[in-house]
Amino acid sequence: LGLRAERAARYVDWAAAARARAHDASGGSVGYCHLSEMEDGGYAQLVRALLAEAERPCLIVDVRANAGGSISELAMRLLLAPPLLWHAPRHGGRSAYPELAKAHIAIMVDEFTSSDGELLAHACRAARGAAVIGARTWGGVLSMEDVEIVSGPGGTLSLPAAQLLAADGTAALENVGVVPDVPLAPVPPSRPGAATGSADPHLDAAIAHLMRQMGLAGAS
């Protein structure tokens, strides 16, 4: 395999291990999804995870190291609706109505979460009360305008194109980022792939938080 193919394979293996850890540590109640970006690939990851985790009442959405994109509004539509009813067949597990709704959501972030990933974390907390867990995000949210430097050695200069404002007119996320509800020190070297097996305190904290919300015994 080439380096790019090996990196992709290692990422898939890491994400699968994190998902299995969430399942095992919660007795099957907590699902997991890592969004690698906020474009078509990240949206596909989210939809596949919601379908695969349909019988689990809780979901961890991991946007650590997510450099953004443009699908946060689409992702919000999938994540913001709580379950209204539960479909409970005589045999098999129950499922929510709406089908992909989750009773509880936790968002994992770090200092490499930026742009549209920050927007998704902010939206899930503001509209669903989802806990944000990890390290404060980067704080560079909206798109940049690139200006070409024609003199000297050349190159480009990136400038913020706009900012997000709160209802009172103050800056909401730019240069501030999303401040976690459960702040944790970054996992050196602060990338999700560096935390494997039992060495991911961010994931452990997210699982424990959701278990407490469900009132499950054994939650720490």
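The values are calculated or read from the model by the stated rules, or taken from the named source; none is laboratory data. Please read all numbers here as calculations on a predicted model, not as lab measurements. Positions of Cβ are backbone-derived with ideal geometry, glycine not excepted, and every protein chain shown enters the neighbour counts. Note: accessible area is taken over every heavy atom of the protein model, side chains too, but ligands, DNA and RNA are not part of it. Shrake-Rupley method; radii C 1.70, N 1.55, O 1.52, S 1.80 Å.
Would you point out which residue out of Gly140, Gly155 is small (Gly, Ala, Ser), out of contact with any His (no Cβ under 6 Å at 6 or more places or on another chain) and without any contact (Cβ under 8 Å) to a residue 12 or more places away in the chain?
One residue alone meets the criteria, Gly155.
Pull out all pairs, ordered by first then second residue, where Cβ-Cβ is under 7 Å, the residues are six or more apart or on different chains, the first lies in segment 70-87 and is more than 20 Å from Tyr32 (Cα to Cα), and the second is open to solvent by less than 40 Å² (accessible area, probe 1.4 Å) and of a type in the set (S, T, N, Q).
Cβ pairs passing all conditions: His87/Ser95.
Could you list, in sequence order, the residues of segment 171-220 that are over 18 Å from Arg21 (Cα atoms), modelled with pLDDT of 90 or more and in contact with a Gly (Cβ under 7 Å, 6 or more places away or on another chain)?
Gly177, Pro180, Leu184, listed by residue number.
With the condition kept exactly as written, say whether any residue in segment 43-66 is aromatic (Phe, Trp, Tyr), open to solvent by less than 10 Å² (accessible area, probe 1.4 Å) and in contact (Cβ under 8 Å) with a residue 12 or more places away in the chain.
no
Restricting attention to segment 110-127, does a residue exist that is of a type in the set (Gly, Ala, Ser) and either exposed (fewer than 14 other Cβ atoms within 10 Å of the Cβ) or at pLDDT below 90 (or both)?
Yes, the conditions are met somewhere in segment 110-127.
Residues that are over 17 Å from Leu210 (Cα atoms) and out of contact with any Gly (no Cβ under 9 Å at 6 or more places or on another chain): find the strands (runs of 3 or more DSSP E) completely inside segment 71-161 holding 2 or more of those.
Counting at least 2 such residues, we get 85-87, 95-97, 144-148, 156-160.
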